[in-house]
Amino acid sequence: MSTVGYEKLIAAQYDNEAKPVYYFSLKLQITNESGNLNKVLQILSKYNTNIQHIAFLDTKSDSSLGHITLELTNPSKVSFILKELAKFPSVVSVKEKKFI
């Protein structure tokens, strides 16, 4: 039987610690066409984010206003998500974005 070294014990201890959680709020305007909300949700799932809250309001025009709160363990994912959303300007526009 072999013994476990000090370095491995310390590494195992840090691996088991709870990771900090960050909350990010997005307010979006999405055009009312079939599949557009799905495009947004696919981007969010691509980066393994948890959706803590989601709500949409029909504006009685050609778009809907949405509010999504994301739960992240890595805050740097936000920049990648925003870049992906910017690739679809005819589908979605970001109205407000902030960490909460």
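Every number in this text was worked out from the coordinates using simple rules, so none of it is lab data. The structure displayed is predicted, hence computed values, not measured ones. Here Cβ is always computed from backbone atoms with ideal geometry, including for glycine, and neighbour counts include all displayed protein chains.
Could you sort 20-29, 60-69 so that the peptide with the highest average Cβ count within 10 Å comes first and the rest follow in order? Intermediate results must be reported in sequence, preceding the final value.
Values: 20-29: 15.8, 60-69: 14.1.
With the highest mean Cβ count within 10 Å placed first, the list reads 20-29, 60-69.
In what sequence do Ile81, Ile51, Ile30, Ile100 fall when counting other Cβ within 10 Å, fewest first? Mind dumping the intermediate values first?
Numbers: Ile81 21, Ile51 12, Ile30 18, Ile100 9.
Listed from fewest to most nearby Cβ atoms, that is Ile100, Ile51, Ile30, Ile81.
Quick check: residue separation of Tyr23 and Ser61 times 0.36 nm, minus the Cα distance between them. What number comes out in nm?
Working: separation 38, 0.36 × 38 = 13.68 nm, distance 3.00 nm.
Gain in length upon complete extension: 10.7 nm.
Explain nothing, just compute: Karplus ³J(HN,Hα) = 6.51 cos²θ - 1.76 cosθ + 1.60, θ = phi - 60°, for every residue of region 83-100 in order, whole Hz, x for Gly and Pro.
For region 83-100, the Karplus-derived couplings read 5, 5, 5, 5, 6, 10, x, 7, 9, 9, 10, 8, 8, 7, 8, 6, 7, 10 Hz, x marking Gly and Pro.
Give me D for region 19-99 in µm² s⁻¹, whole number, from Stokes-Einstein with Rh from the Kirkwood sum over alpha-carbon pairs, 20 °C and 1.002 mPa s. List each step's numbers first, then the result.
Working: Rh = 12.8 Å.
Stokes-Einstein gives a translational diffusion coefficient of 167 µm²/s.
From the phi of every residue in region 40-55, what ³J(HN,Hα) in whole Hz does the Karplus formula 6.51 cos²θ - 1.76 cosθ + 1.60 yield, where θ is phi - 60° and glycine or proline is x?
Working through the residues one at a time gives 5, 5, 5, 5, 5, 6, 4, 9, 6, 9, 9, 8, 7, 8, 8, 8 Hz.
With the cut-off at 1.5 for a/c, could you classify region 60-100 from its C-alpha gyration tensor as rounded, prolate or oblate? Before the final figure, lay out the partial values.
Numbers: a/c = 3.11, a/b = 1.61, b/c = 1.93.
Judged from the Cα gyration tensor, region 60-100 comes out oblate (a/c at least 1.5, b/c at or above a/b).
When the Karplus curve 6.51 cos²θ - 1.76 cosθ + 1.60 is applied with θ = phi - 60°, which whole-Hz ³J(HN,Hα) does each residue of region 69-76 get, with x for Gly and Pro?
So the J values, rounded to whole Hz, are 10, 9, 10, 10, 9, 10, x, 5.
Quick query: amide H of Thr49 versus all other amide H atoms, modeled in the peptide plane; which residues come in under 5 Å with a sequence gap of 5 or more or a different chain?
none
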